[in-house]
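The values are calculated or read from the model by the stated rules, or taken from the named source; none is laboratory data. If you're wondering where the values come from, they're calculated on a predicted model, not measured in any experiment. Note: ideal-geometry Cβ built from the backbone for every residue, glycine included; neighbour counts use all protein chains shown. For accessibility, only protein heavy atoms count, side chains too; no ligands or nucleic acids. Shrake-Rupley method; radii C 1.70, N 1.55, O 1.52, S 1.80 Å.
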Amino acid sequence: MTSPAATATAPAAVAPAAAAPAADGRSTRRGAMLDNVLPLLVDVGVPLASYYVLKATGMGTFAALAWSSVLPAVRTAWSVLRGQRLNGLAALIVTVNAVSLLTSLVVGDPRLMLAKDSGVSSVVGIVVLVTALKGQPMMSAGVRPWLVGGDAAKAAAWQRLSAGSAAFRRAETRFSVVWGVALLGECVVRAVGAYTVPVETMVWLGTVIMVVTLVSAFLVSGRVGAVPMQRMIAEAVCAEKAAKAGTAAR
């Protein structure tokens, strides 16, 4: 149906900021949340509902799976083409999705159609882990809008911390590692299920596995990665303001 990797291009679970954000910061954060919730609804709800609707009209299992996978794939590709998520993670997801969908259509196996989503998760998970271990965490591009929120001072603090703080870079790495491990774990569970569980059961069970994976990754990555980064950014902004106030007082 769809993979959690396709909806995880900008995930984060963050704690309330230490200081009240500016109005434009709140607006940016609300916009970032909307950008993530709507794709999640499209990628989870629409394929599941359309599968059962198509089956009710008499369409075969494979055809229903194939057609129910089209809209999430188009949505992901369109979001990249119009520039909303034009980053390495999004490009990787679109490419892997396209290849896996075409392969499934050529083979014509409904179980392979179900397993293709685990293939997407595995490739993306491996790339996320490799970039994190190389010190270039791919998921940082996704969590940054949630933590910065359109605030210029926070954006500047992010740049300074990312360039000069080992603790901040470790938090970035932890955030990506959590997502990489979650995607790989989801891949294993869904791949096994695709070939051992009845297809009709796996259609809805795959969605349950995906939602559990997303929620777990949101919570864990937020606690070990996003929240520490948010705290360090707030401290850096306060320190910068204090330094400017001290300079102006002289």
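Worth a mention:
- Subset of the stretch 214-250 [in contact (Cβ under 8 Å) with a residue 40 or more places away in the chain and over 20 Å from TRP146 (Cα atoms)]: GLU240, LYS241
- Some residue of the stretch 187-197 being part of a loop (DSSP other than H, G, I, E, B) and either open to solvent by 30 Å² or more (accessible area, probe 1.4 Å) or of a type in the set (Val, Ile, Thr) (or both): yes
- The C-beta contact set for the stretch 132-148 (first residue over 10 Å from ALA226 (Cβ atoms), second residue assigned to a helix (DSSP H, G or I) and among the basic types (Lys, Arg), distance under 6 angstrom, 6+ apart or interchain) comprises VAL148/LYS154.
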